[in-house]
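Everything on this sheet refers to the single structure shown next.
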Amino acid sequence: MVDLASAAGSSVPEVAEAFGVAPSQLYAWRKQMAGGKIEPAGRWQLSRGSK
C-alpha cells in the first residue's frame, strides 16, 4: 500500500480508502518504512524464504 500511495498519479487517501484503512495509518506506515523501522512485505517474505 505504501508503494501504491507513492506512485505517480495516486494519493494516500485514495489508496487508504481502496484498502479500507485510515489515511493516518498509511501515513504512519510510510514514515516507519522511511525510517527503516518496518520493511515492505515483499522483502520480509523473501528474507524468510517464503514465496
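The values are calculated or read from the model by the stated rules, or taken from the named source; none is laboratory data. Since the structure is predicted, the reported quantities are computational estimates derived from the model, not experimental observations. When we count neighbours, we look across all protein chains shown, and the Cβ atoms used for this are built from the backbone with ideal geometry, even at glycine. Accessible surface is based on the protein model in full, side chains and every heavy atom, while ligands, DNA and RNA are left aside. Shrake-Rupley method; radii C 1.70, N 1.55, O 1.52, S 1.80 Å.
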Helices (runs of 4 or more DSSP H) wholly inside the chain containing at least 2 residues that are modelled with pLDDT under 90, among the small types (Gly, Ala, Ser) and open to solvent by less than 70 Å² (accessible area, probe 1.4 Å): 41-47
Cross-chain or 6+ apart pairs with Cβ under 8 Å, the stretch 1-14 first and touching a residue at least 12 places away in the same chain (Cβ under 8 Å), then part of a helix (DSSP H, G or I) and among the hydroxyl-bearing types (Ser, Thr, Tyr): 12/27
